[in-house]
Amino acid sequence: MHLDPHVAIAAVSTLAAAWLMVTAGLQKSALERRQRRRVCPSCGREIQARVCASCAG
Ligand SMILES: [Zn+2]
């Protein structure tokens, strides 16, 4: 089985691009998860959703 160098280069670059996208996505989700940990200014409880469930609900 002969492997075409062009195919190999294309496969490697595709894998590299996919790996970069996955790494960037993981960093972005980790950042959003950290930023989403907020405390309600009204009651002081930790907000899990966009708004405080205790005050807005
Ligand atoms: Zn609240």
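Return the calculated 222 nm mean residue ellipticity for the chain, to the nearest 500 deg cm²/dmol, obtained by summing -39500 (n - 2.57) across DSSP H runs with n ≥ 4 and dividing by the residue count. Display every interim value, and only then the final one.
Numbers: 2 runs with 35 residues, N = 57.
One gets -20500 deg cm²/dmol as the mean residue ellipticity at 222 nm.
Dipole of the chain, Cα-centred, from +1 at each Lys and Arg C-beta and -1 at each Asp and Glu C-beta, to the nearest 20 debye? Please list the in-between numbers first.
Values: 8 positive and 3 negative charges, 110 e Å.
Here the size comes out at about 520 debye.
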Rounded to the nearest 10 Å², the accessible area of residue 26 using a 1.4 Å probe with every protein chain kept is 110
Under 5 Å from the placed amide H of residue 40, counting only residues 5+ away or on other chains, we find 45, 46, 47
Expected vector for the stretch 38-55, Karplus 3J(HN,Hα) from phi with 6.51, -1.76, 1.60 and θ = phi - 60°, integer Hz, x for Gly and Pro, equals 10, 10, 5, x, 7, 10, x, 7, 6, 8, 8, 9, 5, 10, 5, 6, 6, 8
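At 1.4 Å probe size, put 42, 13, 29 in order of accessible surface, largest to smallest. Walk me through the intermediate numbers first.
On the way: 42 95, 13 65, 29 40 Å².
Ranked list, largest accessible area first: 42, 13, 29.
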Regression test value, accessible area per residue of the chain, probe 1.4 Å, units Å², expected 94
Nearest 10, in degrees from 0 to 90: the angle of helix 5-35 to the longest Cα principal axis of the chain is 10
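Please state, as a whole number in µm²/s, the translational diffusion coefficient that the Stokes-Einstein equation yields for the chain at 25 °C and 0.890 mPa s, with Rh defined as the Kirkwood radius across alpha carbon pairs.
Working: Rh = 14.9 Å.
Result for D is 165 µm²/s.
The values are calculated or read from the model by the stated rules, or taken from the named source; none is laboratory data. Note that the structure is a prediction, hence the values are computed from the model and not measured. Glycine also receives a Cβ, built like all others from the backbone with ideal geometry; neighbour counts cover every protein chain displayed. Quick note on the areas: whole protein, heavy atoms, side chains included, nothing else; ligands and nucleic acids left out. Shrake-Rupley method; radii C 1.70, N 1.55, O 1.52, S 1.80 Å.
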